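As structure tokens, the structure follows; a few thoughts come after it.
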Amino acid sequence: MNLPFNGLETKIATMCLLRENGKTVMIHRDKDPEHFMHGMWGFPGGKFNSEDEGIPEKCIRREYGEEGGVELINLQYRGVVFFDNKHRNFQGKPAKFNFLVYVFEAYNHGGELNSSCNEGSIHWVEDGEIRKLKMEKGDQYILDLLEKKIPLNHRIILSDNDAKIEPIS
């Protein structure tokens with residue numbers, strides 16, 4: 001899907017924080033050195049494809065099945081975040097995409113969680129340890145809002161050296 005904004009194509013994606021027993025599932029992007037998040041930690045998710053039929057819940061369930069090998073149970077929609085990358089560079093090149101991300105939380109899963117996928121290694125991380133990991137500023141903002149129980153409807157404006165967040169009105 002191509003939704004232009006500020007001269008960049010916008011990719012539609014999902015992410016989900018799977019939380020159980022004081023831990024959250026995270027991916028350490030440690031496999032592909034060309035990935036824009038190489039070496040960083042993030043929450044599983046991914047871009048829409050034709051199988052998803054434009055339905056965010058289908059997309060995140062498919063992504064967790066592919067990346068984590070599990071079925072999400074008690075899935076709850078938390079809102080949407082727009083990552084504005086207009087002033088951002090990746091590996092020395094200007095960003096090509098913005099991301100509109102539907103955010104979910106789940107509190108149970110079916111199946112055995114994979115420890116690895118093509119995106120990186122998958123880990124259960126103690127909730128108290130998450131903020132010590134190297135993460136994108138946008139993911140930190142999402143954590144802040146979720147912890148404060150603020151519904152997500154925000155634009156995160158990213159540059160190489162700064163980030164700010166504002167509600168979408």
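Throughout, read-outs are computed from the coordinates displayed, never taken from laboratory work. This structure is a prediction, so every number in the text was calculated from the model and none was measured. Here Cβ is always computed from backbone atoms with ideal geometry, including for glycine, and neighbour counts include all displayed protein chains.
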Inter-centroid distance (Cα atoms) of the range 135-169 relative to the range 6-43, Å: 14 Å
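To the nearest 0.05, how large is the calculated FRET efficiency for LYS134 and SER169 if R₀ is 30 Å and r is the Cβ-Cβ distance?
Values: r = 32 Å, r/R0 = 1.07.
E(calc), rounded to 0.05, equals 0.40.
Using r as the Cβ-Cβ distance of ASN89 and LYS149, and R0 as 41 Å, what FRET efficiency do you calculate, to the nearest 0.05? Write down the numbers at each step before the final one.
On the way: r = 34 Å, r/R0 = 0.83.
E(calc), rounded to 0.05, equals 0.75.
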Quick one: helix 137-147 against the long Cα principal axis of the chain, what's the angle to the nearest 10°, folded into 0 to 90? 50 degrees
In degrees, nearest ten, helix 56-68 long axis to first principal axis of the chain (Cα): 60 degrees
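If you filter the range 1-51 for GluC sites (Glu not before Pro), then keep DSSP loop positions with at most 13 other Cβ within 10 Å, what is left? Kindly include the intermediate steps, with their values, before the conclusion.
Values: sites: GLU9, GLU20, GLU34, GLU51; in loops: GLU34.
Listed in order of number, the matching sites are GLU34.
Any of LYS31/LYS134; LYS23/LYS93; LYS23/LYS134; LYS58/LYS86 with alpha carbons more than 26 Å apart? Name them for me. List each step's numbers first, then the result.
Working: LYS31/LYS134 15 Å; LYS23/LYS93 36 Å; LYS23/LYS134 17 Å; LYS58/LYS86 29 Å.
Exceeds cut-off: LYS23/LYS93; LYS58/LYS86.
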Nearest 5 percent is fine: what portion of the DSSP beta bridges confined to the range 1-150 is antiparallel? 70 percent
Express the relative contact order of the range 12-77 as a whole percentage, based on alpha carbon pairs under 8 Å and six or more residues apart in sequence. 29 percent
